[in-house]
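In what follows, a single structure is set out as structure tokens and then discussed.
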There are 4 protein chains.
Amino acid sequence: MTDLQALVEEIHHTLKPRTGEGRVADYIPSLARVDQDKFGIAVIDLDGNVFKSGDCDEAFSIQSVSKVFMLTLALGKHGEATWNRVGREPSGSAFNSIVQLEHEGGKPRNPFINAGAIVISDLVLAGHTPREAIGEIVRFVQYLADDPSIAIDPEVAKSEAATGYRNLALANFMKSFGKLQHPVDHVLGVYFHQCALAMSCTQLARAGLFLAANGKNPLTGHTVVSSQRARRINALMLTCGHYDGSGDFAYHVGLPGKSGVGGGIMAVAPGKAAMAVWSPGLNHNGNSLVGSLALEMLAARTGWSVFGA
Amino acid sequence: MTDLQALVEEIHHTLKPRTGEGRVADYIPSLARVDQDKFGIAVIDLDGNVFKSGDCDEAFSIQSVSKVFMLTLALGKHGEATWNRVGREPSGSAFNSIVQLEHEGGKPRNPFINAGAIVISDLVLAGHTPREAIGEIVRFVQYLADDPSIAIDPEVAKSEAATGYRNLALANFMKSFGKLQHPVDHVLGVYFHQCALAMSCTQLARAGLFLAANGKNPLTGHTVVSSQRARRINALMLTCGHYDGSGDFAYHVGLPGKSGVGGGIMAVAPGKAAMAVWSPGLNHNGNSLVGSLALEMLAARTGWSVFGA
Amino acid sequence: MTDLQALVEEIHHTLKPRTGEGRVADYIPSLARVDQDKFGIAVIDLDGNVFKSGDCDEAFSIQSVSKVFMLTLALGKHGEATWNRVGREPSGSAFNSIVQLEHEGGKPRNPFINAGAIVISDLVLAGHTPREAIGEIVRFVQYLADDPSIAIDPEVAKSEAATGYRNLALANFMKSFGKLQHPVDHVLGVYFHQCALAMSCTQLARAGLFLAANGKNPLTGHTVVSSQRARRINALMLTCGHYDGSGDFAYHVGLPGKSGVGGGIMAVAPGKAAMAVWSPGLNHNGNSLVGSLALEMLAARTGWSVFGA
Amino acid sequence: MTDLQALVEEIHHTLKPRTGEGRVADYIPSLARVDQDKFGIAVIDLDGNVFKSGDCDEAFSIQSVSKVFMLTLALGKHGEATWNRVGREPSGSAFNSIVQLEHEGGKPRNPFINAGAIVISDLVLAGHTPREAIGEIVRFVQYLADDPSIAIDPEVAKSEAATGYRNLALANFMKSFGKLQHPVDHVLGVYFHQCALAMSCTQLARAGLFLAANGKNPLTGHTVVSSQRARRINALMLTCGHYDGSGDFAYHVGLPGKSGVGGGIMAVAPGKAAMAVWSPGLNHNGNSLVGSLALEMLAARTGWSVFGA
């Protein structure tokens, strides 16, 4: 335990000088404004021990990391029927590409690209109003992290909506193929809000712990999903969790994980720990540059890669 | 141990009636001629215990499973510089697609699609004659499996060459982008021969054992690759090993693996075992239909998925 | 002259039995409801003589035929700078494809596919309100046809807006690339209304007469555009006027023309005549099936093809 | 007549200073070696009067201009059945793109892109040996131009074959779809040789005269094709004759024409004249930059555009 704390601190110390690398997402002002020097790490083991360093308790915009929680919620409501609406394959293209949709009849490749997450928002709505669905999402994430203070940043949600032309295009395109059941503005209302969840590394790691523990949060005792479903969500994170850099992340880190353009990454070492990093500078695939390096170091030093003996 | 033998037999017994499903590859006569009822399973643990059932000792055309051995060989010759020539990302398209090559300047997405494996053949050639390179490949696979009887089926190699228009297109296309260093006919000579390796499930499982054991074959004591490289090859198999069905295989099976259109799949449970299945009927992604189901059952019952605790 | 009237009647008589072929556009109720048996032809020569037959004086939804008038209007406002915003090349894909936009940075290939016509709507707006722009468009078409009774069908405009998800996708997609200057709803307000212009064959032929006469309407004496611009608009109609069937139309008919999914086609024989046909059944490219055949017969019998001596 | 000679000289004089613009094709040494300052124009009217200037009698590599003669030959052998093998639509992509082939089952969009011309070579072979077919092609072009001195440049043909990886890719790709009936090396043998025809502007203009005269060469009295077929070949040149710059050429010049990477363009003013220009510097679409400008000036000054009255 002491060792892990030392390791986390060492990684933070080693990589802190590199936080200036990469590029902060600037498509909305509230993201562009974030201090690029921020860098936090938090690891939580199955006994609830937390090892952390840096800006690990400062909330940031988790952006696409939320897609994991949304998928979990949709699977809870619709079960395997979810996969009639969205695929499970890596896309081989950028997170916001529309080409694949045209070639494949409007069905998104997986729930972790924008188009897929919009379909998941449609599934989470399930006849409710956007307000109700957004409330349910926030409560679900609070429950996962066992922390009622988690909230959506309303300014970010508003900015997403104001500049979300690409997502409007994706949603209307799928609607034209009959792939969304609710009105586009309802679906995107949900989508833009869940993107705007603000969480710290510590909160994110706790929220992901059920995926490291066969579906049951060991701290609260809540069974969130079955062990089979936990494995499957992990599989999806590994193959599709980092957009068109998923293969690279698997190669270098070897852990299921999900990144967001806010610079956060949540990752899972099954049977061992959940973890989260935050560093706003992004690499060319839109994943946290220093965050990816931190997880690579962590996996190498702990031997947590799922691909090693 | 006894349990594992019973499990392997049970899986064989349960799935044997379904071998008629799917479609046998028919693009070359020697593949089309194979009896679709063939079905073999072999599992080998790190102590060398073998558990097997059905047609597990009959040699079949391993086809693209060989791409794992070829990658291993290329990495041995060129190290990480290999990745200057071929990517590490899932392709999001069919195994023989040429579209991605045109959009991305002739560089294949990963070593497990045809275009990527052709580049790997170019790297394995490394200035040698095709005959020399083919000899080296055979000896390498014999060494991995510790079995000098493994050979290439010359009839299959000849058929591949006679009907390989699509691969000729891929190779010439990459050549036009300056992405192959040797003459196209040399590169394809190597490529068509390594596709034609004939191995049994038992041989394949043994040949893959180093990947389950951090790079060192526990039976021969040979260190084939470093533990880091073994993890990385496993990561590539998991994200790209089953063409455009890789996400699906990860979701259902949760093990690194590589399939071939001959109906074989080799898979690895790190720290536990290597395994191979053979059943010629293919699903719509070109992967063994019954073989995939067999591995799903095996992973579910053993808890070997890399994504569970 | 008498001959031409006889020819028009003969063509109508010959093809009338085939109006049941093809498929009426059904994406909006007011189009789906149209009687598939409708069939009109009108030809007007440079002296103003009109030759017509069938339902040639019944107004129908001209749909994309209006794109020619919109382009003329945009060129009048912005001149050759129009081409900074939209290309002049055939698209090689369907009228509503979004793939090309993603591959080419959001700039549409030509003004006669939907994406291009949406950009043209943005150019026609030019700082005005949608209501003002729509008024201007209607007045311009009335002026071209010298007929103040031409109007927009408000029910069609409303239906277009209610079901226009694909166009919403195209517009938002271009907006995300910074390719539209006005708000998306303003641009589409204009776009949906100009699609809904209702005109008869006779009116359409008169409105197109300036293109057959070097830019000057010989009936009113109005110079609409320069002779160079008239030639250039004709060139665009010939290469891009029939979506992905433009090559086929040039091959069989050999006249510059523009079709709409309402089943109308306007065509021009430079120096000779302007003409319009209407028959709602569409071929697989979305062009009037019987209308195309009628123009092929007309061009063959008159020798009006621009490609003959 | 004197006027036309003066015009041709004026155009040559005006544009000669700009021959340094653009880029000479350099993919084979014999093209790269050509003097970029070369510039010739030749116009021939239906009475056989020739108006010419500059390097109009120096033979150059006509490259893709030959595709028009090849299409004429294939239509002569196979009639409209030719179109079962190749389309008639602009491609919306580069001359050597393979993407469209994958998306459309291996059938090329038109006979004037490389893939389409390879299919045409297959059709011209028609069971003969490559040597016989090549002989027939040369004799056909000699017959069209009424000039038995026209020949293939063997060095160019050899260079094409030595560096033709992209065309090898296209041919093998189509072969894999079953779209070529002869062996790939036979088809490409024909293809590479017809590309290597060496002709002067004067010869090219004479060879194209039948297309300006309803299919009958007015000088020899030979009926080459029917008037309908002449119109149709002209239509194809107009919509597809300049690769992905066909729309632009129609817009600026307004004449059916076909360009080649050797810097030649042959064009046709139906009922008036045939013409050819040569200037090796190419624009970004691979068409002669100065040659296009020369034809634009010529069409503007003569009023020969097919789109004007």
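Readers should treat all values here as calculations from the given coordinates under stated rules, not as data from a laboratory. Since the model is a prediction, treat every value here as computed from it, not as a measurement. All Cβ positions, glycine included, derive from the backbone under ideal geometry; neighbour counts span all protein chains shown.
Brief remarks on what is shown
- Shortest first, D:GLY48 label-point distances to identical copies amount to 4.8, 9.4, 10.5 nm, with the label point at 7 Å from Cα along Cα→Cβ.
- Convex hull volume per residue in cubic angstrom - Cα atoms of segment C:1-52: 89
- Cysteine residues of the protein assembly as shown whose Cβ has no partner cysteine Cβ closer than 4.7 Å: A:CYS195, A:CYS240, B:CYS195, B:CYS240, C:CYS195, C:CYS240, D:CYS195, D:CYS240.
- Using alpha-carbon coordinates, inclination of helix A:201-212 to the longest axis of chain A, degrees: 80
- Nearest residue to the symmetry axis between B and C, taken on chain B by its Cβ, in whole Å: B:HIS103, 4
- Cα shape, chain D, gyration tensor, a/c 1.5 rule: prolate
- Position A:GLN5, label points 7 Å along Cα→Cβ, spacing to each other copy in nm (shortest first, one decimal): 5.1, 10.1, 10.3
- C-alpha long axis of helix B:227-240 to longest principal axis of chain B, angle in °: 90
- Distance between modelled label sites at C:TYR27 and C:GLN5, nm, 7 Å Cα→Cβ extension: 4.1
- Ascending distances from the A:ARG23 label point to its copies in the other chains, with the point 7 Å along the Cα-to-beta-carbon line: 2.4, 4.3, 4.3 nm.
- The mean count of C-beta atoms from other chains within 10 Å of the C-beta of residues in D:159-171, rounded to a whole number, is 4.
- Within the listed set D:ASN84, D:ASN167, D:ASN287, the residue fluctuating most in the Gaussian network model of chain D (springs between alpha-carbon atoms under 10 angstrom) is D:ASN84.
- Prolate/oblate/rounded call for segment B:25-103, Cα gyration tensor, a/c under 1.5 rounded: oblate
- Cβ-defined net charge surrounding C:HIS284, 13 Å radius [Lys, Arg +1; Asp, Glu -1]: -3
- In this structure, the residue pairs whose Cα-Cα separation is over 23 Å, taken from A:LYS67/A:LYS107; A:LYS258/C:LYS179; A:LYS158/C:LYS175; A:LYS179/C:LYS258; C:LYS16/C:LYS158; C:LYS16/C:LYS258, are A:LYS258/C:LYS179; A:LYS179/C:LYS258; C:LYS16/C:LYS158.
- Dipole of chain A, positive end: most advanced residue of A:VAL261, A:ASN110, A:ALA205 [Cβ charges, Cα centre]: A:ASN110
- Burial ranking of peptide ranges A:233-246, A:185-198, B:11-24 (average Cβ count within 10 Å, highest at the top): A:233-246, A:185-198, B:11-24
- Among A:ALA273, A:ALA81, A:ALA213, the residue with the largest mean-square fluctuation in a Gaussian network model of chain A, with springs joining Cα atoms closer than 10 Å, is A:ALA81.
- Considering only D:LEU15, D:MET237, D:SER159, the residue lying farthest towards the positive end of the dipole of chain D is D:MET237, judged by Cα position with unit charges set on Cβ.
- Against chain A, whose longest principal axis comes from its Cα atoms, helix A:184-195 is set at around 10 degrees.
- By the rule of a C-alpha distance below 16 Å, with chain neighbours fewer than 8 residues away ignored, the lysines paired with C:LYS272 are C:LYS52, C:LYS216.
- Ellipsoid equivalent to segment B:55-152 - semi-axes via the Cα gyration tensor, in Å: 25, 17, 11
- Residues considered: C:ASP146, C:ASP47, C:ASP35. Largest GNM mean-square fluctuation over chain C, using C-alpha springs under 10 Å, is found at C:ASP47.
- Computed over segment C:249-309, the P(r) curve from all C-alpha pair distances, binned at 10 Å from the origin, holds 26, 57, 17, 1 percent per bin.
- Prolate/oblate/rounded label for segment D:233-283 (Cα gyration tensor, a/c 1.5): oblate
- The fraction of all Cα pairs in the protein assembly as shown landing in successive 20 Å bins from 0 to the largest distance is 11, 34, 34, 18, 2, 0, given as whole percents.
- Reachable aspartates and glutamates from C:LYS77, criterion Cα separation under 19 angstrom, eight or more residues apart if same chain: C:ASP122, C:GLU132, C:GLU136
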